[in-house]
Amino acid sequence: MKGIKRLIIIFIALAVCTNLTNAQSLKDLLGKVGNSSSGSTVGNVLQGLFSSSNISVEDMTGVWKAEGSAVCFQGEGFLKQAGGAAASATLKKKLDPYYQKYGLTGATLTIHTDSKFELKIKKVTLKGTITQSSEKGIFYFNFEVFNKVNLGKVKTYVQKTSRTMDVMFDATKLMQIVSTVGKATNISVANTFANLLSQYKGLCVGFSTNLTQTITNK
């Protein structure tokens, strides 16, 4: 009987230690995954969490092809972000068909070593320059005037690995970009799409991209 009790106590102790270890591992994961150079972005690990990676404009150079939408929520506290995770996964499924319709899927973002960029969506090319914020993972895309439409300086959130990059803007700014492209290509933007983007506070939406071509200093 004493031997059985001892085994039960040992089993309980091991179970407690395992739980503590897992909790620490999760904390470490959330803290370190943003700086990982391999695997998928944080959005693939836990949808909706924005990870501030220590990257520069130079790290972003290359030709990137949009494979669909990228979504993250800005907010403090793990529980709020975890709640945003579920919402962003659902929202992404709703947004992707619109990305197909408006040509956002298949768009290319080219970032040059001199910090200039071109965002090509269908037959429309938006140009400008990128400046780095003092905050990790945050940049400003300075769009040039396009057909009398001035998108101006857009705060942009970037998550990156060696082969993938999520580029996300405030939802209202993405709508400006889509509307600009829509006017130039005679495609009317559905109200449903706008309503989806306006339903969530602190929502940032953009492009989930894959690297298709590298660019090096000449």
**Prompt:** Looking at THR216, THR192, which one is open to solvent by 60 Å² or more (accessible area, probe 1.4 Å), β-branched (Val, Ile, Thr), closer than 21 Å to ALA87 by Cβ and at pLDDT below 85?
**Reply:** THR192
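Whether any residue in segment 104-111 is among the β-branched types (Val, Ile, Thr), at pLDDT 85 or above, surrounded by fewer than 18 Cβ atoms within 10 Å (Cβ to Cβ) and assigned to a loop (DSSP other than H, G, I, E, B) is what I want to check.
Within segment 104-111, the subset among the β-branched types (Val, Ile, Thr) is 105, 108, 110-111.
Restricting the remaining residues to those that are at pLDDT 85 or above gives 105, 108, 110-111.
Those left that are additionally surrounded by fewer than 18 Cβ atoms within 10 Å (Cβ to Cβ): 108.
When the remaining residues are screened for being assigned to a loop (DSSP other than H, G, I, E, B), the result is none.
The answer is no, given that none of the residues of segment 104-111 is among the β-branched types (Val, Ile, Thr), at pLDDT 85 or above, surrounded by fewer than 18 Cβ atoms within 10 Å (Cβ to Cβ) and assigned to a loop (DSSP other than H, G, I, E, B).
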**Residue check, VAL158 aliphatic (A, V, I, L, M), farther than 18 Å from LYS123 by Cα, without any contact (Cβ under 8 Å) to a residue 24 or more places away in the chain and not in a helix (DSSP H, G or I)** = no
**Prompt:** Do we have LYS136 as in contact with a Ser or Thr (Cβ under 9 Å, 6 or more places away or on another chain), at pLDDT 90 or above and open to solvent by 10 Å² or more (accessible area, probe 1.4 Å) here?
**Reply:** no
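Sort through THR216, THR180, THR212 and tell me the only one that's part of a strand (DSSP E or B) and over 16 Å from the mean Cα position of the chain (by Cα).
THR212
Which of the residues spanning segment 161-175 are in a helix (DSSP H, G or I) and under 17 Å from THR105 (Cα atoms)? Please lay out each step first, then the result.
First, the residues of segment 161-175 that are in a helix (DSSP H, G or I): 171-175.
ALA171, LEU174, MET175, listed by residue number.
The values are calculated or read from the model by the stated rules, or taken from the named source; none is laboratory data. Bear in mind the structure is a predicted one, so any value in this text is a computation, not a measurement. Positions of Cβ are generated from backbone atoms using ideal geometry, with glycine treated the same way; all protein chains shown enter the neighbour counts. For the accessible areas, the whole protein counts, side chains as well, though only heavy atoms, and no ligand, DNA or RNA atoms are used. Shrake-Rupley method; radii C 1.70, N 1.55, O 1.52, S 1.80 Å.
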